[in-house]
Amino acid sequence: MGKSKKAKAKRADFNKQKLKVGKSKQLPNNFTDTSFRSKTLVLPTQATIEKEEFTHDAKDRAQFSHLIGMLKHHNASQRQESLDKLSHYVLSHPGLLTTSTSLLAKVTSPLILDESAQVRESLYQFFLKVMFTIDPNLLEPNVGIMFLYTHSGMTHITPSIRNDSTRYLSLILKACRNKLSSSVLSLHWRKTLECFSSLLGWSTDSASVKRTSVFSKKSTTNLIRHISVCNEFLHLGIDPNCQSKTARSAIHLDYPYMEQNIVVHPQYDQLRTPSSFSYLSLFSASKHDLVDNPQFRFQNMLPFIPGLLDFTRDAWSDACPIVKDFRTGSGSSKICQTVLSILDVLVNYILASSFEEDHLKKQFMKIFEKIDRESGLLQANFAAEQEWKSIINQFERFKKKVDDLEEE
């Protein structure tokens, strides 16, 4: 009997249990019940407050975050639509211009490099209507990221992105001229010159022009814009007459040296003993004077001047008509006018008595003599045309200025 019971018990482990309809499966002996029950306490007044808060604040924040996130959408039309909606949303909520300035600059500036021309056009309108209407105290700390992506666009491999890059740079320069301090321009001066040398084909190591950028007849409009923005950039940086139009620094204190955009310790003139931290220039304004003025910027652009001069020579030769049968494009007079304007701002430094770079003086005078000869032919053949008559008058004023500087 004992053996039969043990045999039945062993066989029971391998027997298939028969399940009956309507009855649940028998639970094992080591089963642990993990079910739980929860209860909630709901207050009517609490639910009303949460609903109101979501309707006003949280819902607006969610919509703003959604529009920001959609700027990275893979579809170009979605990015453009989101940018347009973001522009209308920010203008209808002016508080975002003060609380989210850094975020707006951070998420929109990368679109300068967007492959879609429609997105870049919408971004230009967004910068024009929204970003550059912000208070200068809030805009100035965020201009750096706009400069960063603009520089990247000026050296981009895609021609259309390169062509649009100077549109954004023109907006930045306009803000630097009317709102921001001159230190913003000094901070990005050399890098912008390097980008222009790549965009227009200057050479920084010799007096020749490297034609890395080729402009066809169809892209004359882009070339005119590039040269015009370059001219505006040079005048804003090294023309003394433009410095007085530059706005004050965003930091306004009651010390007289703050009028010159110098940030130093207020008691720098009272220090008469040696200091271990003098190398930081905390008590001296001399170092700040050296890096934020037109003379320093001109000295910083000396390596670029040979290529820039040759570029102006070639641009003049390509655009200026010499004989009556020679037909130029519609923007030729604009190119010649801009070339004369660039040479006009450079002549103040190159022909100055204190300037020691004789090879640059010789190069400048050769270009001047070439333009002088071609200007005579221009006057003989095209003096009756109004657009070229203004160029002739502009060159006469420039020639008088060169003669006055040579006499000094």
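Things to note:
- Per the conditions (1) in contact (Cβ under 8 Å) with a residue 60 or more places away in the chain; (2) more than 25 Å from T221 (Cβ to Cβ), the sole criterion not satisfied by L173 is (2).
- Residue in segment 102-124 that is exposed (fewer than 15 other Cβ atoms within 10 Å of the Cβ), more than 14 Å from R79 (Cβ to Cβ) and among the aliphatic types (A, V, I, L, M) present: yes
- When residues of segment 367-397 are limited to those that are touching a residue at least 40 places away in the same chain (Cβ under 8 Å) and farther than 17 Å from I322 by Cβ, the one least open to solvent (accessible area, probe 1.4 Å): Q394
- Of residues in segment 60-72 being open to solvent by less than 70 Å² (accessible area, probe 1.4 Å) and in a helix (DSSP H, G or I), the one modelled with the lowest pLDDT: D60
- Where D57 falls short, out of the listed (1) closer than 30 Å to L91 by Cα; (2) of a type outside the set (K, R); (3) modelled with pLDDT of 75 or more: (3)
- K3 meets each of the listed conditions (1) modelled with pLDDT of 70 or more; (2) over 30 Å from V107 (Cα atoms); (3) basic (K, R) apart from (1).
- Check on S208, touching a Pro at 6+ places or on another chain (Cβ under 9 Å) and either at pLDDT 95 or above or open to solvent by less than 10 Å² (accessible area, probe 1.4 Å) (or both): no
- Residue match in segment 79-101 (condition: touching a residue at least 12 places away in the same chain (Cβ under 8 Å) and closer than 24 Å to T192 by Cβ): yes
- No other residue among S109, S82, S87 is under 21 Å from F233 (Cα atoms) and small (G, A, S) apart from S109.
- Subset of segment 152-190 that is over 12 Å from the mean Cα position of the chain (by Cα) and assigned to a loop (DSSP other than H, G, I, E, B) - its residue that is surrounded by the fewest Cβ atoms within 10 Å (Cβ to Cβ): I157
The values are calculated or read from the model by the stated rules, or taken from the named source; none is laboratory data. Fair warning: this is a prediction, and the values are worked out from it, not measured in the lab. We place every Cβ from the backbone using ideal geometry, glycine too, and count neighbours over all the protein chains shown. What goes into the accessible areas is simple: the full protein's heavy atoms, side chains included, and nothing from ligands, DNA or RNA. Shrake-Rupley method; radii C 1.70, N 1.55, O 1.52, S 1.80 Å.
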